[in-house]
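Readers should treat all values here as calculations from the given coordinates under stated rules, not as data from a laboratory. This one's a predicted model, so the numbers in the text were calculated from it and none came from an experiment. Heads up, the Cβs are rebuilt from the backbone with ideal geometry, glycines too, and the neighbour counts pull from every protein chain shown.
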Amino acid sequence: MSTPDRTPTAASTVDAVVVGAGFAGLYALHRLRSQGLSVRVIEAGSDVGGTWYWNRYPGARCDIESVFYSYSFDADLAREWEWSERYAAQPEILAYLQHVADRFDLRRDITLDTRVVSAHLDEGADRWTVTTDAGERISATYLVLAVGLLSSTNLPQIEGREDFDGRTFHTGAWPHDPVDFTGRRVGVIGTGSSGIQLIPLVAEQAEHLTVFQRTPNFSLPAKNGVPDPEKVARLRTDHARVKEEVRTSSYGILLEPPTQSALEVPEEEREEKYRRRWEEGTLTGILQAYNDLVRNEESNHTAAEFVRRKIAEMVHDPQVAEDLMPRGYAYGTKRPCLDTGYYATFNREDVTLVNLRRTPIERITRTGVVVDGVEHPLDDLVYATGYDAMTGPLLAIDIRGRDGRTLREAWADGPHSYLGIAVSGFPNMFTLTGPGSPSALSNAVVSIEQHVEWLADLLAHARERGARAIEADDRAEKEWTEHVQLAGNATLYPRTDSWYMGANVPGKPRVFLPYIGGVGNYRAHCDRIARAGYPGLLIR
Ligand code: NA7
């Protein structure tokens, strides 16, 4: 790997700088370049892939079916690529993104191993000066932030964290060389999607595994295997129609929208439906069994109870089962998980569950983790403690817009944006799958394609008119930001401490970050705005 040249240079000039070369950045490059724009992509990793470059922990895989967790913009690409599993593992998803980068000749415009440290608006010229940690300055008309939703790792402030003498890992920044846990006493802090995927595999290798669990999660068995041949065949023969169905759905996946309340049907019928959905092994299968599970506490309780009964069936020790049962928050309001053998892992003699709901971690020592006065001796400690989601990666860059105002200042009380993509005071800056768009509540690839295509059309529209700047109108931004909160407040989500609410990062404003209006409705709204000539945006 070559070391980037850190010597400061004169600013080079392009139409657009795209920050990040994951699913969003790669497609943005392809799309904007095909419209004749000069584009530079700056990527901190040593290869393309974004989330799928960094998250190399054992068990890392997508939990949306791979045939849909793929680009749909090119029917040939969709036909050519064959997923080996229903839910592909990280190496295969990374290989797919590498293939896309090569197939569309994207690499020549991507600078790897380089982090964007600042982006300052040159107000007079309506251009951005982007500075990298290699000392390069790039002058760009458009700043396209494709930094990902979950890319700023969250390390908890636990006393003594730095004292630990053993190996430490974060799931979101996993080493490239395989990590061998054979014969080692391993601790895992965190039981979100990452912890739940990793724990069964580490348990198989380690001499002993101790899981430190603060909030139990609802997890469903993934029932992974080969991709569903029917879906694959439909995608091949009827690509355009399947693509349309996915793009107009609620979550960006194929699923019949529910029409009934959970309380409208007899208990036996409801139970049978939950049972079928459990067997199907999809992320939103149970959540989408009835139309009021995310809105009505009583309805939600029926689904939550079903999953708790399943946990009781799978875990032999009643106390451990009880400790693994999520209580006190509604099913689905923390992102649900899909797992392979998670609950059964706690039946192993060599796995201990430490329930931090009873007593939190006291401190970390040189040799282990202390809870309730007892030290759990460890050789390795894995942080599966998540991310400063959605706003974290954007605020990690020193972004300064009009009057030198930083994005951090503008978003001090939470993110404000128009449609989750444009921000008042930050002309020509765009946040792909930004806060205020369906993003985290959808199949991210579908939302990424929608944002990239909408943005590409907007830029073409502005350029045809000779406009130099595109900026969210202050009032339109306020209305959209309020609408996002109102939509969230009509659900059970805001009552739960989750990363959707920014509640996992101390001091982060508590607002509902994604937009819950649904992928299809949001797309229709964005399309109406485009057809009407982009009201809500100042194009000058
Ligand atoms: P998550 O879902 O944010 O999970 C992080 C876990 O770490 C969660 O169980 C947290 O408990 C736990 N955590 C965080 N800080 C602490 C401290 N201080 N003590 C104990 N436990 C702690 O992150 P993931 O990486 O698993 O998943 C992120 C997303 O990636 C996922 O939703 C998918 O979209 C893919 P808490 O719940 O906060 O009590």
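State the extension gain, in nm to one decimal, for the chain segment bounded by R528 and Q260, taking 0.36 nm per residue of separation less the distance between their alpha-carbons.
Net length gain for the segment: 93.6 nm.
I need M390, M314, M501 ordered by Cβ neighbour count within 10 Å, fewest first.
Least to most surrounded, the residues fall as M314, M501, M390.
Rounded, prolate or oblate: which fits the range 10-103, taking a ≥ b ≥ c as square roots of the Cα gyration tensor eigenvalues, rounded meaning a/c under 1.5, else prolate when a/b beats b/c?
Oblate.
Ignoring solvent entirely, what values of log10 I(q)/I(0) come out of the Debye formula for the range 184-309 at 0.11, 0.15 Å⁻¹ when each Cα is a single scatterer?
Per q value, in the given order, log10 I(q)/I(0) is -0.55, -0.90.
Hey, what D do you get for the range 140-209 in µm²/s if you plug the Kirkwood alpha-carbon radius into Stokes-Einstein at 37 °C and 0.692 mPa s?
Roughly 224 µm²/s, to the nearest whole number.
Per residue Cα convex hull volume for the range 461-507, in cubic angstrom?
Taking only Cα atoms, the range 461-507 has a hull volume of 135 Å³ per residue.
Where does the Debye-calculated log10 I(q)/I(0) of the chain sit at q = 0.06 Å⁻¹, using only Cα point scatterers of equal weight, no solvent?
Calculated log10 I(q)/I(0) at the listed q: -0.29.
Treating the beta-carbon of each Lys and Arg as +1 and of each Asp and Glu as -1, no other charges, what is the dipole magnitude of the chain about its Cα centre, to the nearest 20 debye?
1040
Going by a ≥ b ≥ c, the root eigenvalues of the Cα gyration tensor, does the range 74-113 fall in the rounded group (a/c under 1.5), the prolate group (a/b larger than b/c) or the oblate group?
oblate
Starting from the Kirkwood radius over alpha-carbon pairs of the range 225-378, derive D by Stokes-Einstein at 10 °C in a medium of 1.306 mPa s and give it in µm² s⁻¹.
86
Hey, if you put +1 on the Cβ of every Lys and Arg and -1 on every Asp and Glu Cβ in the chain, which of A233, Y522, A330 ends up farthest toward the positive end of that dipole?
Farthest towards the positive pole: Y522.
Counting just the Cα atoms, what span does the range 276-361 cover along each of its three principal axes? Round to the nearest Å and put the largest first.
41, 29, 19
At 222 nm, what value in deg cm²/dmol follows for the chain if DSSP H runs of at least 4 each add -39500 (n - 2.57) and the sum is divided by all its residues, to the nearest 500?
Helix-only estimate at 222 nm: -9500 deg cm²/dmol.
Bin by bin, in steps of 5 Å, what percent of the Cα pairs in the range 80-166 do you find, going until the bin that has the longest distance?
Reading upward from the zero bin: 3, 9, 12, 15, 14, 14, 12, 11, 8, 3, 0.
For the range 298-416, just say rounded, prolate or oblate: build the C-alpha gyration tensor, square-root its eigenvalues into a ≥ b ≥ c, call rounded for a/c under 1.5, and beyond that prolate if a/b exceeds b/c, oblate if not.
oblate
If amide hydrogens are placed 1.01 Å from N in the peptide plane, which non-local residues have theirs closer than 5 Å to the one on A422?
Long-range HN contacts for A422: T431.
How high is the FRET efficiency between E375 and R275 when r is their beta carbon distance and R₀ equals 35 Å, given to the nearest 0.05?
So, using R0 = 35 Å, E works out to roughly 0.25.
Using the Cα centre of the chain as origin and beta-carbon charges of +1 (Lys, Arg) and -1 (Asp, Glu), tell me which of Y57, G414, G195 is placed farthest towards the positive end of the dipole.
Projecting each Cα onto the dipole axis, the largest value belongs to G414.
Taking 8 Å as the Cα distance limit and 6 or more residues as the minimum spacing, I'd like the relative contact order of the chain as a percentage.
19
Starting from the Cα of R363, step 7 Å along the direction of its Cβ; do the same at D350; then give the gap between the two resulting points in nm.
Each label point lies 7 Å from its Cα, and together they span 3.2 nm.
Hey, how much of the P(r) for the range 442-482 falls beyond 17 Å, as a percent of Cα pairs?
Tail of P(r) above 17 Å: 52 percent of Cα pairs.
State the antiparallel share, in %, of DSSP beta bridges confined to the chain, rounding to the nearest 5.
Roughly 40 percent of the beta bridges in the chain run antiparallel, per DSSP.
If every alpha-carbon in the range 1-160 counts as one equal scatterer, what log10 I(q)/I(0) does Debye give at q = 0.10, 0.16, 0.19, 0.20 1/Å?
Listed by q, the Debye log ratios stand at -0.41, -0.95, -1.20, -1.28.
What is the diffusion coefficient of the range 382-540 in µm²/s, taking the Kirkwood radius over Cα pairs and the Stokes-Einstein relation at 25 °C with a viscosity of 0.890 mPa s?
This corresponds to a translational diffusion coefficient of 152 µm²/s.
Over what distance in Å are the Cα centres of the range 348-369 and the range 73-144 separated?
After rounding, the separation between the Cα centres reads 40 Å.
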